[in-house]
Amino acid sequence: MENNRIERRTLKSKICQRLLVILLVTMSASGSQIVDGASSSEVSPKDQARYDHYRIYNVQFDNEQQIELFQKLEAESDSLTFIGHAREVGQKLSILVAAHRVADFADLLATYKVQHRVLTYNFQEKIDRNMREVLPEHVDVSKYDWQHFFHLKTIYDWLDHMASKYPEQISVLDMGSSTQGNAIKGLQLGKNPANKAIFIESGIHAREWIAPATATYIINELLTSQDERVQQLAKNYNWIIFPCVNPDGYRYTFEHDRMWRKNRQLFGTCRGVDLNRNYPDHWNTTGSSSDPTRYDFAGPSAGSELETQRLMSFIREHVEKDQIKTYIALHSYSQMLMFPFGYTKKHVANYDDLQEFGKKAAAAIKAESGRDYVSGNLYETIYPSSGGSMDWAHAEAGIPISYTFELRGPPDSQDLFILPAVEIQPTASEAFTAIRTIVEAAAEKNYYK
Ligand code: 0X9
Ligand code: ZN
């Protein structure tokens, strides 16, 4: 009797436990937990922007009416991601169109007889493929290569690993922390005080993953290449390389939105300053926006961002001391080798030299990989834009050889910034070839005397 009662009680409590478990499992599966504001900002890995059936259109403007139309369209809509702004007749422009706007957008093209091509029908497929090319965040640094993309942590672990492997040649550098407290880490290769220095800035735009990958490729080549020409450059110059000058943005592209470009500073309901519009040289005068919702938001004031201030202080401190004579900013995409200015078509004092070195570098790339890179001043080659780091480095910090590279793919790329991992090695190699060509040509003209 007593035994029976105990059994029944145990059974009851077992049933209750089961029901509780089922309830909890159902709640978590249906995502129905109630989270307060604070815990919901500790976002689960599933809080990812998606681009299913987003299309990439490449349009060409034949008249002023079409240009005005597209300017209006860009101002009105956050469902259309313009890669550049509508500016002039004959211009071609890629636009990422959200799935729910495809019909409406296609109708507009037909109505106004705008020449166009659809480059990609489902942008999410590009992102999915790209994410499969990322090795896990905590992967051992021995797995670091140029056939995959890597998280910020892995890149930084690899920098430390290289520094401990080559202590004679390398010092680890840290510019200080970003807005969200990530380190802005880099390396100096070469410690000869008699050498002039070459500075490489990369990753200022978060989604341009090929830039940090190229920066680490260059580090590796300088340390391990058997090529006599590369060894000479490693010996005769000190190289200061920061693979990821926008670490908050870079992390965000892995965790939440592959298409994020800016830093992660908060402005009310939205985030991010375009760090390549934030530098205090003709700040916010052309090709940038005063609206924090825009991809090219220049920031609330010149040099407002911590990442900008860190880089400026570093350059100011080292430009004389380390004799930095060359500044290379790595971006993607469009295959361009550009020099100042971005804010005006006015020529820099050494325009002819920079033009000549740029042309030589483009020819060297063509000979190596067959790829076409265009060279010229930034304003005329890509589009007018102010507040870029390169303009500041040249005009304010006085670094004579300054370039901004747009790496692969071509201007009408079907991938936008999502370059397939098989292209990392050839892209990085041709970028390094271009840098070597520029440095050697500048040396001949006594820039490093
Ligand atoms: O818009 C940019 O910042 C660069 N293109 S990208 O597609 N990589 O975003 C172009 C260079 C910008 N301008 C200056 N350095 N002034
Ligand atoms: Zn960029």
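Of everything in segment 166-207, what is part of a loop (DSSP other than H, G, I, E, B), within 16 Å of ligand 1 (Cβ to nearest atom) and not small (Gly, Ala, Ser)? Give them in sequence order.
Quick first cut of segment 166-207, residues part of a loop (DSSP other than H, G, I, E, B) only: 166-169, 178-182, 190-195, 203-207.
This time we only want the ones that are within 16 Å of ligand 1 (Cβ to nearest atom), so: 203-207.
Matches in segment 166-207: Ile204, His205, Arg207.
Would you mind stating whether Arg316 is over 20 Å from Phe405 (Cβ atoms), away from ligand 2 (no atom under 16 Å from the Cβ) and under 24 Å from the mean Cα position of the chain (by Cα)? Don't jump to the end; show me each part of the working.
Numbers: over 20 Å from Phe405 (Cβ atoms): yes; away from ligand 2 (no atom under 16 Å from the Cβ): yes; under 24 Å from the mean Cα position of the chain (by Cα): yes.
Answer is yes for this residue.
How many residues does segment 245-262 hold that are part of a loop (DSSP other than H, G, I, E, B) and either surrounded by fewer than 23 Cβ atoms within 10 Å (Cβ to Cβ) or within 13 Å of ligand 2 (Cβ to nearest atom) (or both)? Give the steps one after another, and end with the answer.
Start the filter on segment 245-262 by keeping residues that are part of a loop (DSSP other than H, G, I, E, B), which leaves 245-246, 256-262.
From the residues that got through so far, the ones that are either surrounded by fewer than 23 Cβ atoms within 10 Å (Cβ to Cβ) or within 13 Å of ligand 2 (Cβ to nearest atom) (or both) too are 245-246, 256-257, 259-262.
The qualifying residues number 8.
Considering every residue within segment 111-119, establish whether at least one is surrounded by fewer than 16 Cβ atoms within 10 Å (Cβ to Cβ), touching a residue at least 12 places away in the same chain (Cβ under 8 Å), in a loop (DSSP other than H, G, I, E, B) and at negative phi.
yes
Take the conditions within 21 Å of Ala197 (Cα to Cα) and in contact (Cβ under 8 Å) with a residue 12 or more places away in the chain and apply them to Asp353. Does it pass? Spell out how you get there, then give the answer.
On the way: within 21 Å of Ala197 (Cα to Cα): yes; in contact (Cβ under 8 Å) with a residue 12 or more places away in the chain: yes.
When the stated conditions are applied, Asp353 passes them.
Look at segment 43-79 and say how many of its residues are within 15 Å of Ile127 (Cβ to Cβ) and without any contact (Cβ under 8 Å) to a residue 60 or more places away in the chain.
Number satisfying all stated conditions: 1.
Looking only at residues in segment 325-345 that are out of contact with any Lys or Arg (no Cβ under 9 Å at 6 or more places or on another chain) and among the β-branched types (Val, Ile, Thr), which one is farthest from ligand 1 (Cβ to nearest atom)?
So, considering only residues that are out of contact with any Lys or Arg (no Cβ under 9 Å at 6 or more places or on another chain) and among the β-branched types (Val, Ile, Thr), the one farthest from ligand 1 (Cβ to nearest atom) is Ile328.
Here are the criteria: (1) closer than 14 Å to Leu311 by Cβ; (2) in contact with a strand residue (DSSP E or B) (Cβ under 6 Å, 6 or more places away or on another chain); (3) among the polar types (S, T, N, Q). Tell me which single one Asn276 does not satisfy.
Asn276 satisfies every listed condition except (2).
Filter segment 243-260 down to the residues that are away from ligand 1 (no atom under 16 Å from the Cβ) and under 24 Å from Ser171 (Cβ atoms) and list them by number.
Selection gives Pro247 alone.
Out of segment 70-96, which residues are under 17 Å from Val118 (Cα atoms) and assigned to a helix (DSSP H, G or I)?
Residue satisfying the conditions is Phe70 alone.
Considering only residues that are outside any loop (DSSP other than H, G, I, E, B) and either of a type in the set (Gly, Ala, Ser) or within 13 Å of ligand 2 (Cβ to nearest atom) (or both), which ones fall in segment 271-288?
Taking segment 271-288 and keeping what is outside any loop (DSSP other than H, G, I, E, B), we get 271, 275-277.
Hits for segment 271-288 are Leu275, Asn276, Arg277.
Restricting to segment 326-338, what's the tally of residues that are within 16 Å of ligand 2 (Cβ to nearest atom) and either in a strand (DSSP E or B) or of a type in the set (Asp, Glu) (or both)?
Just the residues of segment 326-338 that are within 16 Å of ligand 2 (Cβ to nearest atom), to begin with: 327-338.
Pick out the ones that are also either in a strand (DSSP E or B) or of a type in the set (Asp, Glu) (or both) and you get 327-332, 336-338.
Counting residues in segment 326-338 that are within 16 Å of ligand 2 (Cβ to nearest atom) and either in a strand (DSSP E or B) or of a type in the set (Asp, Glu) (or both) gives 9.
Output yes when any residue across segment 397-411 is surrounded by 21 or more Cβ atoms within 10 Å (Cβ to Cβ) and part of a helix (DSSP H, G or I), and no when none is.
no
Given Val273, Val348, which one is free of Cβ contacts under 8 Å to residues at least 60 places away in the same chain, within 13 Å of ligand 1 (Cβ to nearest atom) and over 30 Å from Ile56 (Cβ atoms)?
Details: Val273 fails: over 30 Å from Ile56 (Cβ atoms).
Exactly one residue qualifies, and that residue is Val348.
Across segment 190-241, what is the total count of residues that are surrounded by 17 or more Cβ atoms within 10 Å (Cβ to Cβ), farther than 16 Å from Gln425 by Cα and either of a type in the set (Phe, Trp, Tyr) or free of Cβ contacts under 8 Å to residues at least 12 places away in the same chain (or both)?
Adding up the residues that qualify gives 3.
Looking at (1) closer than 20 Å to Ser402 by Cα; (2) at pLDDT 95 or above, which is the one condition that is false for Gly272?
Here Gly272 clears every test but (1).
Among the residues of segment 354-372, are any in contact with a Lys or Arg (Cβ under 7 Å, 6 or more places away or on another chain), within 16 Å of ligand 2 (Cβ to nearest atom), in a helix (DSSP H, G or I) and closer than 29 Å to Thr120 by Cβ?
no
I want to confirm something. Restricting to segment 204-244 and keeping residues that are of a type in the set (Gly, Ala, Ser) and within 14 Å of Leu187 (Cβ to Cβ), which single residue is nearest to ligand 2 (Cβ to nearest atom)?
Initial filter on segment 204-244 (of a type in the set (Gly, Ala, Ser)): 206, 211, 213, 215, 225, 234.
Filter once more, keeping what is within 14 Å of Leu187 (Cβ to Cβ): 215, 234.
Values: Ala215: 13, Ala234: 27 Å.
Here the answer is Ala215.
Suppose we filter Asn263, Asn238 for residues that are in contact with a Gly (Cβ under 6 Å, 6 or more places away or on another chain) and within 14 Å of ligand 1 (Cβ to nearest atom); which single one remains? Talk me through it step by step, then tell me what you get.
Numbers: Asn238 fails: within 14 Å of ligand 1 (Cβ to nearest atom).
The match here is Asn263.
Of the residues Gly387, Gly342, only one is within 16 Å of ligand 2 (Cβ to nearest atom), in contact with a His (Cβ under 9 Å, 6 or more places away or on another chain) and on the phi > 0 side of the Ramachandran plot; which?
Details: Gly342 fails: on the phi > 0 side of the Ramachandran plot.
Within the list Gly387, Gly342, the selection yields Gly387.
Tally up the residues in segment 289-322 that are more than 25 Å from Phe199 (Cα to Cα), in a loop (DSSP other than H, G, I, E, B) and not hydroxyl-bearing (Ser, Thr, Tyr), please. Break it down into steps so the answer makes sense when it comes.
If we filter segment 289-322 for residues that are more than 25 Å from Phe199 (Cα to Cα), which is where we start, we get 289-295, 297, 300-301.
Cutting the leftovers down to in a loop (DSSP other than H, G, I, E, B) gives us 290-295, 300-301.
From the residues that got through so far, the ones that are not hydroxyl-bearing (Ser, Thr, Tyr) too are 291-292, 294, 300.
Summing the residues that are more than 25 Å from Phe199 (Cα to Cα), in a loop (DSSP other than H, G, I, E, B) and not hydroxyl-bearing (Ser, Thr, Tyr) in segment 289-322 gives 4.
The values are calculated or read from the model by the stated rules, or taken from the named source; none is laboratory data. This structure is a prediction, so every number in the text was calculated from the model and none was measured. Here Cβ is always computed from backbone atoms with ideal geometry, including for glycine, and neighbour counts include all displayed protein chains.
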